Amino acid sequence: MADIRDNPYLAHLHGSENGAFAALVPGQTTAAQQEAAEDAGSSGLTGRAFTQKYRDILGKRRELPVNKQRQKFLELVHSNQFVVLVGETGSGKTTQIPQYMVLDMLPQAAGKMIACTQPRRVAAMSVAQRVAEELDVKLGQEVGYSIRFEDCTSPRTVLKYCTDGMLLREAMSDNLLSRYSAVILDEAHERTLNTDILMSLMKTIAAKRPDLKVVVMSATLDSEKFQKYFNDAPLLAVPGRTFPVEVFYTPEPEPDYLEAAIKTALQIHASEPEGDVLLFLTGEEEIEEACRLLRARGDDLARRANCGPLLVVPLYSTLPPAMQQKIFARAPEPRTRGGAPGRKIVVSTNVAETSLTIDGIVYVIDPGFAKQKVYNPRVRVESLLVSPISRAAAQQRAGRAGRTRPGKCFRLYTEKSYNTDLIEQTYPEILRSNLGSIVLQLKKLGVDDLVHLDLMDPCAPEVLMRALELLHYLGALDDDANLTPLGHVISEFPIDPQLAKMVVSAADYGCTNEALSIAAMLSVPNVFLRPREAQRAADMAKAEFAHMDGDHMTLLNVYHAFKSCADPAQWCWDNFLQYRSLRSADSIREQLRRVAAKSDIPLVSNDFSSPDYYPQIRRALTEGYFMQVAHLERNGQYLTVKDNQLVMLHPSSVLERKPEWVLYNEFALTKRHYIRTVTEVKPEWLLEIAPQYYDLETFPSCEGKRILEKIALRNAIVQEDADKKKRRKEKRDRKDKDGKDKRDKRDKKDKKSKHRDS
DNA sequence: GAGCACTGC
């Protein structure tokens, strides 16, 4: 019944009509041959006859700009190990290029896969879904995806979309990525930490694997930098499919960008044709404030100037998903039939710049600012700072107005400012981050010489030094900066090295279960909600979980309560807790538990009624965080140990009684210097647990040091005492033993004689 | 007495 042409194993019998399929020679295909294979009666991947839906989609795929360049692309891939591809939005590169690679390399025949990396999970999932449809296969079979918490692939998988972090993890156990015949790095222009590392890694691997093909895809005009970095790789530019966006600047600088933004939005509403507005601001509070003002003044405007109704929607990542959905709502209908049309205004953070696409945006308002991460290696602090965006980011924002039809972008700064004040590109993340975790991963990847690591933008030596120093103190690296056995174990955990050290050490204190829970809770966004209209109620709810030892134990209480309640979502709502964060903490904990089990770390708890239950957990915490300790000086202020930075307990801390020694999870740099998530520790523990760090010889002078010195002295005396006692006891024991031996001999003799007697 | 831009393993 089945057409012989539908059987891929008989492809060689197909004759001239389908010969193109059989004619596919790996690494030598032409665009015409590939198209013939796509036009065939059945899929070369599954052997099944193509569906009508497949043919419909195929028609659309052929119209994508990237398809016109297929032959050129294949020629470049055939004669080069690296190819750089620049494609604007709408070019079809993310869906099509990996498919061209599949047809060209026929990875199923070679038993290898093609990987295409994405910076974000949702992108990896949704693109894989789309490509599975385009290839007429079931998602998770021939085409799949692999992201944290979810591996949707099978032994049949030939094309795998994954997050760049996932591929990096995979490289840690398979340094040459030998399962892949080609790696496609997508969205490389975003320059995430993981993409940068992966790019460097691909250069190293490619040098050792001539058979490996690497395609780097980017959306910027900064293609020369990529070409140069990849050994002068050839470039292929694919046009996009977007609509023109007209850009307007303010004639004079705006002193108050929030006020200017609101005015502009209302002006658009009053005078521009129908079309939704996207306004970029920097943070939650600012956005909510802007929304309030816009709603109030919008109503006013409608009354006075016969404007249509206004729908104002906030958008930021911590907004509950149900609220986020509102950005997709349609603009309101006119109040009366034939009246002025309604308009939707979305007020958003950077999420709308890359992660989320909102259809129907015609007007963009760009004040030119965003909160950006910065890292200060001197104080070892990552913080968020409102700073001017780059020209590339400004272009990206403007582009959001031209996705469905021609649009307009209003920049709330002068053209001169755009040209002279803004930097060309946003600094890549690797220049703005603490590299502790990354350095450990690199060591695990077999990169020994970090200083000469071939990165597109080399990181500051001081940042590297800080990372190496941290890992050395944690015991993850030895004196020659080589990975220790402990370092190997720590690197397996997908969390900060300090947290991983805590989890691993917790085994010695009998509390790995609790350490896992705390590690998970510290790896998710803040679980405590504090809505403006219910601050007191929220504080009271939090007080129920407060633990006298500090915030870490409070988090543990929350987690335990969460795990034992009947209806988690309702319970979270009732207790002003972020359900999303807690659920995520639960999956992270499960993942960490599996990693721990794989490393043969016993999963144990101490007796809950034991007085040592909490101290043991705090000791384990100290094993990871001894470098983040502050001491309360006599003047009532905290100084961080060694760095002598003046800090204050964050007002959200449950520790109001100001213990003398505290360990903190985070150093928040805002108007003041705050330490957040804080727990009381004992100075003795510091000396015991991290003598190499608390080496008083090298310690800068301060009150804390003098106290530690006293303790050290006392310890020494106690130790000396103990040694004396021990020696005396040993002497006594020896004496006793001698005596006992004699007695034993005598007894034996006696027994023998008794035996003889009996 | 205050904040959490955004990703990711």
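Please list the non-local residues whose amide H lies under 5 Å from the amide H of A:Q645, H modeled 1.01 Å from N, same-chain partners needing a gap of 5 or more.
Those lying under 5 Å, H to H, from A:Q645 are A:T640.
Report the per residue volume, in Å³, of the convex hull enclosing the C-alpha atoms of the range A:69-163.
On the way: hull volume 10.1 nm³, N = 95.
Taking the convex hull of the Cα positions in the range A:69-163, it is 106 Å³ per residue.
Compactness ratio of the range A:210-285: Cα Rg over 2.2 N^0.38 Å, N = residue count? Spell out each step's value before the answer.
Working: Rg = 20.5 Å, N = 76, 2.2 N^0.38 = 11.4 Å.
Here the answer is 1.80, to two decimals.
Describe numerically, in nm with one decimal, the distance between label points set 7 Å from Cα along Cα→Cβ at A:Y249 and at A:R335.
Inter-label distance under the simple model: 3.9 nm.
Using alpha carbons only, what's the Rg to Rh ratio of the range A:520-663 with Rh from Kirkwood? Walk me through the intermediate numbers first.
Details: Rg = 16.9 Å, Rh = 17.1 Å.
So for the range A:520-663, dividing Rg by the Kirkwood Rh gives 0.99.
Roughly how many whole Å is it from the C-alpha centroid of the range A:31-95 to that of the range A:294-352?
After rounding, the separation between the Cα centres reads 41 Å.
With a 10 Å Cβ neighbour count serving as the proxy for reagent exposure, in which order, fewest first, do A:K598, A:K68 appear? Kindly include the intermediate steps, with their values, before the conclusion.
Numbers: A:K598 10, A:K68 13.
Sorted ascending by nearby Cβ count, the order is A:K598, A:K68.
Considering only Cα-Cα distances, which of the following residue pairs are longer than 20 Å: A:K671/A:K705; A:K682/A:K710; A:K228/A:K444?
On the way: A:K671/A:K705 28 Å; A:K682/A:K710 14 Å; A:K228/A:K444 27 Å.
In this structure, A:K671/A:K705; A:K228/A:K444 exceed 20 Å between Cα atoms.
Mean residue ellipticity at 222 nm from the helices of chain A, using -39,500 (n - 2.57) per DSSP H segment of n ≥ 4 over the full residue count, to the nearest 500 deg cm²/dmol?
On the way: 28 runs with 335 residues, N = 758.
Helix contribution divided over all residues of chain A: -13500 deg cm²/dmol.
A:K542: which lysines have alpha carbons under 24 Å from its alpha carbon, excluding same-chain residues fewer than 8 sequence positions away?
Leaving aside lysines fewer than 8 places away in the same chain, those within reach of A:K542 are A:K563, A:K658.
Does a label point 7 Å from the Cα of A:S317, set along Cα-to-beta-carbon, have any residues of the range A:148-175 with amide nitrogen under 16 Å, and which are they?
Answer for the range A:148-175: A:148, A:163-166.
Rounded to the nearest 0.05, what FRET efficiency do A:N644 and A:V451 give with R0 = 41 Å and r taken as the Cβ-Cβ distance? Could you check? Don't skip to the end; give the middle numbers.
Values: r = 29 Å, r/R0 = 0.70.
In this case the efficiency is close to 0.90.
How large is the Kirkwood hydrodynamic radius of the range A:450-522, counting all unique pairs of alpha carbons, in Å?
On the way: mean 1/r = 0.0743 Å⁻¹.
After inverting the mean inverse Cα-Cα distance, the result is 13.5 Å.
Quick one: what does P(r) look like for chain A with 10 Å bins over all Cα pairs, in whole %?
Values per bin, smallest distances first: 2, 11, 18, 21, 19, 14, 7, 3, 2, 1, 1, 0, 0.
Among the DSSP beta bridges whose two residues both lie in the range A:314-453, what percent are antiparallel, rounded to the nearest 5?
Details: 8 of 14 bridges.
Percent antiparallel among DSSP bridges in the range A:314-453 is about 55.
In µm²/s, what is D for the range A:365-439 at 37 °C and 0.692 mPa s, where D = kT/(6 pi eta Rh) by Stokes-Einstein and Rh is the Kirkwood radius from Cα pairs?
Working: Rh = 14.1 Å.
Answer from the Stokes-Einstein relation: 233 µm²/s.
What fraction of the DSSP beta bridges in chain A is antiparallel, stated in percent and rounded to the nearest 5?
Values: 30 of 83 bridges.
Counting only bridges with both partners in chain A, antiparallel ones make up about 35 percent.
Given the C-alpha centroids of the range A:370-406 and the range A:252-278, what is the distance between them in whole angstrom?
20
Would you mind pulling out the separation of the Cα centroids of the range A:553-615 and the range A:169-216, in Å?
36
For the range A:252-335, state the semi-axes of the equivalent ellipsoid (square roots of 5 times the eigenvalues of the alpha-carbon gyration tensor), sorted largest first and rounded to whole angstrom. Write out the running numbers ahead of the final one.
Numbers: eigenvalues 85, 68, 23 Å².
Output for the range A:252-335: semi-axes of 21, 18, 11 Å.
Could you state the principal axis extents of the C-alpha atoms in the range A:608-675, from the largest down, to the nearest angstrom?
For the range A:608-675, the Cα spread along each principal axis is 41, 23, 22 Å.
Once you've got the Cα coordinates, tell me which of A:K160/A:K225; A:K598/A:K725; A:K72/A:K208; A:K112/A:K443; A:K138/A:K373 are over 31 Å apart.
Violating the 31 Å limit, Cα to Cα: A:K598/A:K725; A:K138/A:K373.
For A:D496, A:D480, A:D449, A:D454, what ranking results if the residue with the fewest other Cβ atoms within 10 Å of its Cβ goes first? Before the final figure, lay out each step's value.
Details: A:D496 21, A:D480 6, A:D449 9, A:D454 13.
With the sparsest Cβ surroundings first, the list reads A:D480, A:D449, A:D454, A:D496.
Go ahead and run the numbers for FRET between A:Y427 and A:K735, Cβ-Cβ distance against an R0 of 56 Å, rounding to 0.05. Can you show the working numbers first?
On the way: r = 73 Å, r/R0 = 1.30.
Efficiency computed from Cβ-Cβ geometry: 0.15.
With +1 on each Lys and Arg Cβ and -1 on each Asp and Glu Cβ, how big is the dipole of chain A about its Cα centre, in debye rounded to the nearest 20?
Numbers: 105 positive and 102 negative charges, 483 e Å.
Using Cβ point charges on Lys, Arg, Asp and Glu, chain A gives about 2320 debye.
Using Cα positions and a limit of under 18 Å, work out the lysines in reach of A:K326, with same-chain residues fewer than 8 apart set aside.
Straight-line reach from A:K326, under 18 Å: A:K344.
Put +1 on the Cβ of every Lys and Arg and -1 on every Asp and Glu Cβ in the range A:171-306; which of A:F243, A:I262, A:T204 then has its Cα farthest towards the positive end of the dipole?
A:T204
Express the relative contact order of chain A as a whole percentage, based on alpha carbon pairs under 8 Å and six or more residues apart in sequence.
Details: 1240 pairs, mean separation 61.8, N = 758.
Here the relative contact order equals 8 percent.
D for the range A:406-486, whole µm²/s, Stokes-Einstein with Kirkwood Rh over alpha-carbon pairs at 4 °C and 1.567 mPa s: what number?
Numbers: Rh = 15.4 Å.
Result for D is 84 µm²/s.
Could you compute how fast the range A:316-474 diffuses translationally, taking Rh as the Kirkwood radius over C-alpha pairs and applying Stokes-Einstein at 20 °C with viscosity 1.002 mPa s? Give it in µm² per second. Walk me through the numbers on the way to the answer.
Details: Rh = 19.1 Å.
Answer from the Stokes-Einstein relation: 112 µm²/s.
None of the figures in this text is laboratory data; all of them are computed from the coordinates on show. What you see is a predicted model; the values in this text were computed from it and never measured. Methodologically, a virtual Cβ is constructed for each residue, glycine included, from the backbone with ideal geometry; neighbour enumeration extends over all protein chains shown.
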